[in-house]
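Accompanying notes for the structure given below.
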């Protein structure tokens with residue numbers, strides 16, 4: 001086998017805000033593996049400023065992988081343990097290489113367009129008018145679960161936006177999730193969670209910054225609002241560490257981003273531990289192109305989970321890879337009448 005990679009810069013249609021700042025572009029890498037006349041494709045979707053593998057030697061590690069591609073998979077994954085996005089790209093590329101259709105990694109009713117995945121509609125941070133416009137668009141598109149990024153602008157403004165939604169739509173009509181991306185502090189988080197609980201919010205992701213286990217555990221214990229861990233899982237590589245984290249914090253949910261936590265292998269490990277500890281979970285993309293989103297979506301469908309997933313990010317970019325993935329009526333579909341338009345050599 002031979003392997004090579006190329007960098008690709010995704011351009012946001014509109015600058016998107018999080019508590020970590022404004023995103024205008026998203027860097028990613030495509031990994032191609034060839035074996036005689038067959039090839040497979042995967043995406044190593046590093047997330048600058050968030051991924052644990054956002055390090056200067058990232059491309060050198062990709063070069064190392066290409067030179068060592070004929071080694072045993074277990075060996076490669078072990079050597080890449082601190083580079084979860086490369087682990088995930090490798091897993092995708094090998095599945096693609098060995099599939100009858102290089103874009104169908106997990107053939108199912110989903111990939112045959114006979115089933116769909118229920119997803120949440122994502123509302124980005126911004127001023128009140130911008131966020132309200134996004135909310136109206138998501139409702140028109142048929143989403144029944146809406147996730148709002150909060151924590152970057154005035155909390156009262158964000159609270160009033162959520163209150164206006166709940167005034168018009170009951171909890172039986174619209175499920176509201178919020179994601180603070182660590183935007184609260186240990187001293188003000190509980191007060192804010194008490195306010196939010198009045199609006200029958202489903203859950204809040206990562207209310208405070210990660211690596212504050214004692215404070216997060218206390219929030220999980222006292223909060224009237226269910227807490228989901230997200231960034232908290234990043235950089236926790238080994239099974240024993242994962243179990244220790246879950247035992248210490250005892251969250252209601254964990255959010256799984258394969259590009260950030262070690263691909264399918266890492267995600268499966270978190271799921272197994274969560275199930276043993278009566279912790280619910282759902283899967284979310286991490287601003288991958290449609291190559292990575294396709295892999296995550298097919299994998300997610302194979303897990304037979306009923307909770308709305310966070311897989312609606314494919315339409316964010318002006319130069320995304322054309323694919324059969326479509327969002328309709330709050331669900332993700334794989335429309336087989338649409339073709340992939342991906343040429344590694346033309347990137």
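The values are calculated or read from the model by the stated rules, or taken from the named source; none is laboratory data. Since the model is a prediction, treat every value here as computed from it, not as a measurement. Cβ placement follows ideal geometry from the backbone for every residue including glycine, while neighbour counts extend to all protein chains displayed.
Among the residues of the stretch 240-260, is there at least one that is modelled with pLDDT of 95 or more, on the phi > 0 side of the Ramachandran plot, in contact with a helix residue (DSSP H, G or I) (Cβ under 8 Å, 6 or more places away or on another chain) and not assigned by TED's automatic domain parsing to the domain that holds residue 45?
Scanning the stretch 240-260, I find at least one residue that is modelled with pLDDT of 95 or more, on the phi > 0 side of the Ramachandran plot, in contact with a helix residue (DSSP H, G or I) (Cβ under 8 Å, 6 or more places away or on another chain) and not assigned by TED's automatic domain parsing to the domain that holds residue 45, so the answer is yes.
Take the residues of the stretch 319-337 that are modelled with pLDDT under 95 and part of a loop (DSSP other than H, G, I, E, B): which is nearest to residue 102 (Cα to Cα)?
Only one residue fits best here, namely 336.
Name the residue, out of 269, 288, that is part of a loop (DSSP other than H, G, I, E, B), under 21 Å from residue 87 (Cα atoms) and assigned by TED's automatic domain parsing to the domain that holds residue 138.
288
Condition test on residue 193, is it within 24 Å of the chain's Cα centre (by Cα), modelled with pLDDT of 95 or more and assigned by TED's automatic domain parsing to the domain that holds residue 154?
For residue 193, the condition - within 24 Å of the chain's Cα centre (by Cα), modelled with pLDDT of 95 or more and assigned by TED's automatic domain parsing to the domain that holds residue 154 - is met.
When you look at residue 263, is it surrounded by 24 or more Cβ atoms within 10 Å (Cβ to Cβ), assigned by TED's automatic domain parsing to the domain that holds residue 210 and touching a helix residue (DSSP H, G or I) at 6+ places or on another chain (Cβ under 9 Å), yes or no?
So residue 263 passes the test.
Checking residue 76 against (1) in contact with a strand residue (DSSP E or B) (Cβ under 9 Å, 6 or more places away or on another chain); (2) outside any loop (DSSP other than H, G, I, E, B); (3) buried (at least 18 other Cβ atoms within 10 Å of the Cβ), only one condition comes out false. Which one?
Evaluating residue 76 over (1) in contact with a strand residue (DSSP E or B) (Cβ under 9 Å, 6 or more places away or on another chain); (2) outside any loop (DSSP other than H, G, I, E, B); (3) buried (at least 18 other Cβ atoms within 10 Å of the Cβ) leaves (1) as the failure.
From 91, 104, which residue is modelled with pLDDT of 95 or more and in a helix (DSSP H, G or I)?
The conditions single out 91.
Could you say whether any residue in the stretch 31-52 is surrounded by fewer than 13 Cβ atoms within 10 Å (Cβ to Cβ), assigned by TED's automatic domain parsing to the domain that holds residue 82 and touching a strand residue (DSSP E or B) at 6+ places or on another chain (Cβ under 8 Å)?
Yes, some residue in the stretch 31-52 is surrounded by fewer than 13 Cβ atoms within 10 Å (Cβ to Cβ), assigned by TED's automatic domain parsing to the domain that holds residue 82 and touching a strand residue (DSSP E or B) at 6+ places or on another chain (Cβ under 8 Å).
Examine the stretch 300-313 for a residue that is in contact (Cβ under 8 Å) with a residue 24 or more places away in the chain, buried (at least 20 other Cβ atoms within 10 Å of the Cβ) and over 20 Å from residue 263 (Cβ atoms), and state whether such a residue exists.
Among the residues of the stretch 300-313, at least one is in contact (Cβ under 8 Å) with a residue 24 or more places away in the chain, buried (at least 20 other Cβ atoms within 10 Å of the Cβ) and over 20 Å from residue 263 (Cβ atoms), which makes the answer yes.
Would you check if there is a residue in the stretch 109-116 being outside the structural domain of residue 306 (by TED's automatic domain parsing), in contact (Cβ under 8 Å) with a residue 40 or more places away in the chain, surrounded by 20 or more Cβ atoms within 10 Å (Cβ to Cβ) and touching a helix residue (DSSP H, G or I) at 6+ places or on another chain (Cβ under 7 Å)?
Looking through the stretch 109-116, at least one residue is outside the structural domain of residue 306 (by TED's automatic domain parsing), in contact (Cβ under 8 Å) with a residue 40 or more places away in the chain, surrounded by 20 or more Cβ atoms within 10 Å (Cβ to Cβ) and touching a helix residue (DSSP H, G or I) at 6+ places or on another chain (Cβ under 7 Å).
Within the stretch 271-288, how many residues are surrounded by 22 or more Cβ atoms within 10 Å (Cβ to Cβ) and out of contact with any helix residue (DSSP H, G or I) (no Cβ under 8 Å at 6 or more places or on another chain)?
Qualifying residue count, the stretch 271-288: 2.
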